[in-house]
Structure formats: C-alpha cells, structure tokens
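Trainee: Pasting a structure below so you can have a look.
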Amino acid sequence: AEQRDRRTADARAERTLMSAPVSPLLSMLDREVARSPTVLLNDVTLREAEQSVGISLAIETKVALARALQEIGVRQLQIGYAGRRPEDAQAARRIKWDVSDAAIEMLVLAFLPSWPDALEACLAVGADIIHVTNRSSARLHAVLGITGAEAVARTREVISRAKLSGRSVAFVPSDSTR
C-alpha cells in the first residue's frame, strides 16, 4: 500500500510538472484558470513577419493585426525589439494604447553590449513581459569576444535587472542545440 501511495504521489507530481505553465502570462493567472481548458496564444507575427527580406510592416498595419489577433482571443503579442528598432517601440506604444487587453512582450538580446539600453526601451514602452534571449553559439561568442561563462553572467545580469522592474521575465535561449 505504501509503495502504491508513493507511485500515486510520483504520478501526481509528474502531472503537475508537465502541466506547469511555461509562459510568464500563464504564471500570472491563478491555478484554477491555468488548469482550465483555456488555450493561451502568444503570437509572434508582429515580430517574425519582418524577418523576411524586404518586409517592414507599417505601424498602422501592426496595430490592425494586433486588433485582429485580439478579436480571435490572442492575449499576448510579441512586438519586437524596442531598443533596436524605433518602429517597434512606436508600434508597442500604439498597440498598448489601442489594444489594451493584450500583454505586450518585447525582446532584449542579452548577447549584445547594448542590452541595458534595450531593456530601458522595453520598460519605456510599457512592455508587460521582457523576453530575454542569449545565444549559445560558439561562433557568436567568438565574434563578440566573450566566453560561454561571460554569456551566462551577462544573461543573469539582464534577467536580474529586468526582474527589478516588476515585469514578467521570460528567458528563451537561442541556438541551444548547436
């Protein structure tokens, strides 16, 4: 009976871990809502769409897309890089004002020396979620002249500063399997 109870407890713990929210927005929700059959959509269209050669969305287009996404239930929008692209900062401000129900996620590239300015720009536009990314690519580290340990230390610093803002912080490593 004791062994069965332990297996049941282990299975329950595993289910809890597997169902734990991975999104900062979900972690802001209470447990009851997080376990409901609700699906959280985090849309990256407003950022990813501009990664194609020659594509640059006008701010009005981004606002219209954000409204359309909100209408279909998207509650989290990844806008872009406020510290690197003034257009992203302008779009984030407009979307925050015009599409008030959506959480705004802005990115900080921890591998760039300009990350403090990028973080300040994200905070200035009112980002609800600060998305911190760093790359594990040995080639990138060689180009930037930093070691893996320095990249980890920088990432910790970015995350620590972002957390001080009281905003939700998401860390997403990039190229982690290369």
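Trainee: Cβ under 10 Å from ILE130's Cβ, ILE130 left aside: what net charge do those residues give with Lys, Arg +1 and Asp, Glu -1?
Mentor: +1
Trainee: On the accessible surface of segment 45-178, probed at 1.4 Å, how many percent belong to carbon and sulfur atoms?
Mentor: Carbon plus sulfur share of accessible area: 53 percent.
Trainee: Once you put a point 7 Å from the Cα of GLU60 and another 7 Å from the Cα of VAL172, both along the Cβ direction, what distance in nm separates them?
Mentor: Result: 3.0 nm between the two label points.
Trainee: Let's test the formula: R0 of 30 Å, r as the Cβ-Cβ distance of SER160 and ASP98. What FRET efficiency results, to the nearest 0.05?
Mentor: 0.40
The values are calculated or read from the model by the stated rules, or taken from the named source; none is laboratory data. Remember, it's a predicted structure, so these values are computed and weren't measured experimentally. When we count neighbours, we look across all protein chains shown, and the Cβ atoms used for this are built from the backbone with ideal geometry, even at glycine. Just so you know, the surface numbers come from the protein's heavy atoms only, side chains and all, with ligands and any DNA or RNA stripped out. Shrake-Rupley method; radii C 1.70, N 1.55, O 1.52, S 1.80 Å.
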